[in-house]
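Quick note: the coordinates plus some simple rules give every number you see, no bench work behind them. Please read these numbers as outputs of a predicted model, since none were measured by experiment. In this analysis, Cβ positions are derived from the backbone assuming ideal geometry, glycine residues included, and neighbour counts consider all displayed protein chains.
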Amino acid sequence: MALLAGGEMIDRIAAAVAGRTGKEALAAFAGAYRAYALTHPGRYAATQIRLDRSLATDSPAMRRTAEVTYGLLRAYGLDEPDLTDAVRLLRSTLHGYCALESSGAFGAPRDLEASWDRAIEALDVTLRNWPRRQGG
C-alpha cells in the first residue's frame, strides 16, 4: 500500500510541477502534496511508513519521488549536504501542516489558505537564502 500510494502521490506532484520553476514549482509541489494528503488520508498515512531500504531502492515510485523532490530543490542551487537538509525541511513542513490541518488542530480564526500561502512563501525565502555549508 505504501508503494501504491507513494506512486499515486508523486504522479500528481510531478504533473503539478511540470513546466514550472522556483516559487511557482514549490507552490505546485506543495499544493499537490496537500491535496493528496487531505483527499486520501489513509493512503497518505501509508506514504509515511518507513520501508525496507532494498524495497525502496527497487521501487520506481520511490526513485521518481527522489528525482522530483531533489530536482525541485536543486533548482534553488542546493547541493549535498544542504540538499538532504532541505528535503527534510520540505517534508517536515508539508507533513506537519497537513497532519495538523486534517486533525482540526488549527484553532485560530486565521484562514487556513492564508496560512498555507505564507508557509510556502517562507519556504521559498528560506530555500533561496539557504545558509551554505561544506561537508556533512
Can you give me the distance in nm between label points at residue 64 and residue 103, each placed 7 Å from the Cα along the Cα-to-Cβ direction? 3.1
Report the label-to-label distance for residue 84 and residue 129 in nanometres (one decimal), using points 7 Å from each Cα along the Cα→Cβ vector. 2.7
So what's the projected area for region 68-125, the Cα convex hull averaged over all directions, in nm²? 4.3
Pick from 31, 19, 71: which is most flexible by mean-square fluctuation in a GNM of the chain where alpha carbon atoms under 10 Å apart are linked? 19
Any idea what diffusion coefficient the chain gets from Stokes-Einstein, in µm²/s, Kirkwood Rh on alpha carbon pairs, 4 °C, 1.567 mPa s? 83
Among 43, 88, 12, which one shows the highest mean-square fluctuation when the chain is modelled as a Gaussian network with alpha-carbon springs under 10 Å? 88
Work out, step by step, the length gained on full extension between residue 35 and residue 18: first 0.36 nm times the residue separation, then minus their alpha carbon distance; give nm to one decimal. 4.5 nm
In nm, to one decimal, how far is the modelled label at residue 110 from the one at residue 46, with both set 7 Å along Cα→Cβ? 3.5
